[in-house]
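None of the figures in this text is laboratory data; all of them are computed from the coordinates on show. This is a predicted model, so every value here is computed, not measured. When we count neighbours, we look across all protein chains shown, and the Cβ atoms used for this are built from the backbone with ideal geometry, even at glycine.
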Amino acid sequence: MKRLLIVVSFLMLVLLASSLYSQDGQKPVRSTVPLSKWDKMFPEVKYGKNIYRKGSNWFTVGYGPGYHINSEVLNFNSQLAFHWRYKAMYFNAGWHHSSPEPKLFLARPRPMEQLNDVFGGAGLRFEGRWYNFAFFIGPSLAMSWVPESPVLTKIHYQLGAITEVQMTFKYFYDLGIGTSIYGSFNKRYQVVGARLHFYFSNAFVTEY
């Protein structure tokens with residue numbers, strides 16, 4: 001009986017402490033560790049009820065019109081890219097597709113005409129609460145389908161270069177929408193243009 005009273009008393013103390021905690025609204029204090037040089041350069045910031053980290057990685061997916069310089073026709077372009085920070089430097093890697101057909105891989109005209117770039121690069125970035133501005137340039141492996149006759153297409157593999165300027169409005173600190181001005185350059189299939197992109201960042205740390 002005595003042990004039962006002790007157990008009941010202990011459970012009541014736990015429930016009381018939990019109740020007081022919920023009424024006070026406080027959260028456990030986050031453990032702190034010495035900040036590195038890069039943590040100090042890219043600190044955490046508070047907006048609203050959330051805490052975010054500056055200099056975080058981000059992902060973009062975009063689509064828009066372009067101009068095929070070699071054949072002087074309108075193209076439609078899409079791109080998927082991941083961007084990350086290493087210390088104070090920014091890098092990106094991704095895939096770019098360009099074709100006169102707006103339906104991407106769903107349309108298969110003959111002869112086929114398209115460009116696929118696998119690329120990487122380095123760049124600069126400037127960000128604030130409402131904006132993210134970035135510039136990247138780097139090499140690409142360009143795979144181009146170039147028509148040689150009304151029924152024949154030849155595939156070429158060559159090195160190229162891709163450059164891009166991103167201007168993003170961040171509705172939330174880690175989510176936004178913007179415009180990219182880009183250029184893909186190689187020997188046989190060169191494209192320049194602009195596209196609409198969506199911005200997704202892993203900047204969110206925790207609720208305040």
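Please find, within segment 156-194, the residue that is surrounded by the fewest Cβ atoms within 10 Å (Cβ to Cβ) out of those that are closer than 11 Å to THR60 by Cα and not polar (S, T, N, Q).
Within segment 156-194, the subset closer than 11 Å to THR60 by Cα is 166, 168, 175-180.
Keeping just the survivors that are not polar (S, T, N, Q) gives 175-178.
Numbers: LEU175: 15, GLY176: 20, ILE177: 13, GLY178: 20.
This residue is ILE177.
Restricting the search to segment 141-155, which residues are more than 12 Å from ASP117 (Cα to Cα) and surrounded by fewer than 16 Cβ atoms within 10 Å (Cβ to Cβ)? So that I can check it myself, show each step before the final result.
Initially, segment 141-155 is screened for residues more than 12 Å from ASP117 (Cα to Cα), giving 146-155.
Of everything in segment 141-155, those that are more than 12 Å from ASP117 (Cα to Cα) and surrounded by fewer than 16 Cβ atoms within 10 Å (Cβ to Cβ) turn out to be PRO147, GLU148, SER149, PRO150, VAL151, LEU152, LYS154, ILE155.
From the list ARG188, ARG129, ARG125, pick out the single residue that is of a type in the set (D, E, K, R) and in contact with a His (Cβ under 7 Å, 6 or more places away or on another chain). Explain how you work it out, then say what you get.
Values: ARG129 fails: in contact with a His (Cβ under 7 Å, 6 or more places away or on another chain); ARG125 fails: in contact with a His (Cβ under 7 Å, 6 or more places away or on another chain).
So the residue among ARG188, ARG129, ARG125 that is of a type in the set (D, E, K, R) and in contact with a His (Cβ under 7 Å, 6 or more places away or on another chain) is ARG188.
Which one is farthest from TYR86 (Cα to Cα) among residues in segment 123-166 that are of a type in the set (Lys, Arg) and assigned to a strand (DSSP E or B)? I'd like the intermediate steps shown before the answer.
Going through segment 123-166, the residues of a type in the set (Lys, Arg) turn out to be 125, 129, 154.
This time we only want the ones that are assigned to a strand (DSSP E or B), so: 125, 154.
Details: ARG125: 12, LYS154: 39 Å.
Looking at the filtered set, the residue picked out is LYS154.
Which pairs do you get when a residue that is touching a residue at least 60 places away in the same chain (Cβ under 8 Å), found in segment 172-183, comes within reach of a residue that is in a strand (DSSP E or B) and of a type in the set (Phe, Trp, Tyr), reach meaning Cβ atoms under 9 angstrom, with the pair 6+ apart or on two chains?
TYR173/TYR47; TYR173/TYR52; TYR173/PHE204; ASP174/TYR52; ASP174/TRP58; ASP174/TYR199; ASP174/PHE200; ASP174/PHE204
Which residues, taken from segment 64-81, are hydrophobic (A, V, I, L, M, F, W, C) and surrounded by 13 or more Cβ atoms within 10 Å (Cβ to Cβ)?
Residues of segment 64-81 that are hydrophobic (A, V, I, L, M, F, W, C), as a first pass: 69, 73-74, 76, 80-81.
Hits for segment 64-81 are ILE69, PHE76, LEU80, ALA81.
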